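Accompanying notes for the structure given below.
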Amino acid sequence: VQWRGLEFHYYHTDETLLLENSLFRVNVDSQDILDELYDFLLHHNVIHPNGHPEIKPYGYREFSILDPFGILITFAFRLP
């Protein structure tokens, strides 16, 4: 998957321990970028069922997707 010069490359593994204990986080530098990325990924139907954008108590606005192998990927913007 490619978006605005950002490419996602997925790695396949059958190692259950790795799949169940992996995550990935991408911080962006503006809320606009976060919103654009969310809209793009929403269009591709990969948003985690509980991963829609929300403000977290630790000061980030974020959303999450699952990659094709079940790895959670979170996209976040640190609120001012």
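Things to note:
- Candidate set from the stretch 39-51 (those that are in contact with a strand residue (DSSP E or B) (Cβ under 6 Å, 6 or more places away or on another chain) and part of a loop (DSSP other than H, G, I, E, B)); member that is farthest from residue 80 (Cα to Cα): 46
- Residues of the stretch 7-17 that are more than 17 Å from residue 74 (Cα to Cα) and either over 18 Å from the mean Cα position of the chain (by Cα) or of a type in the set (A, V, I, L, M, F, W, C) (or both): 13, 14, 15, 16, 17.
- Hits in the stretch 1-38 (condition: in contact (Cβ under 8 Å) with a residue 40 or more places away in the chain, assigned to a loop (DSSP other than H, G, I, E, B) and either closer than 23 Å to residue 80 by Cβ or of a type in the set (Gly, Ala, Ser) (or both)): 22, 29, 30
- Restricted to the stretch 61-77, and to residues there that are crowded, with 19+ Cβ neighbours inside 10 Å and not aromatic (Phe, Trp, Tyr), the residue that is farthest from residue 2 (Cα to Cα) is 62.
- Across the stretch 19-44, the number of residues qualifying as surrounded by 10 or more Cβ atoms within 10 Å (Cβ to Cβ), of a type in the set (S, T, N, Q) and out of contact with any Lys or Arg (no Cβ under 8 Å at 6 or more places or on another chain) comes to 1.
- Residue within the stretch 51-59 that is surrounded by 11 or more Cβ atoms within 10 Å (Cβ to Cβ), under 18 Å from residue 8 (Cβ atoms) and either more than 10 Å from the chain's Cα centre (by Cα) or hydrophobic (A, V, I, L, M, F, W, C) (or both) present: no
Every read-out reported here was derived from the displayed coordinates using simple, explicitly stated rules and does not represent laboratory data. In this text, all values refer to a predicted model and were calculated from it rather than measured experimentally. Positions of Cβ are generated from backbone atoms using ideal geometry, with glycine treated the same way; all protein chains shown enter the neighbour counts.
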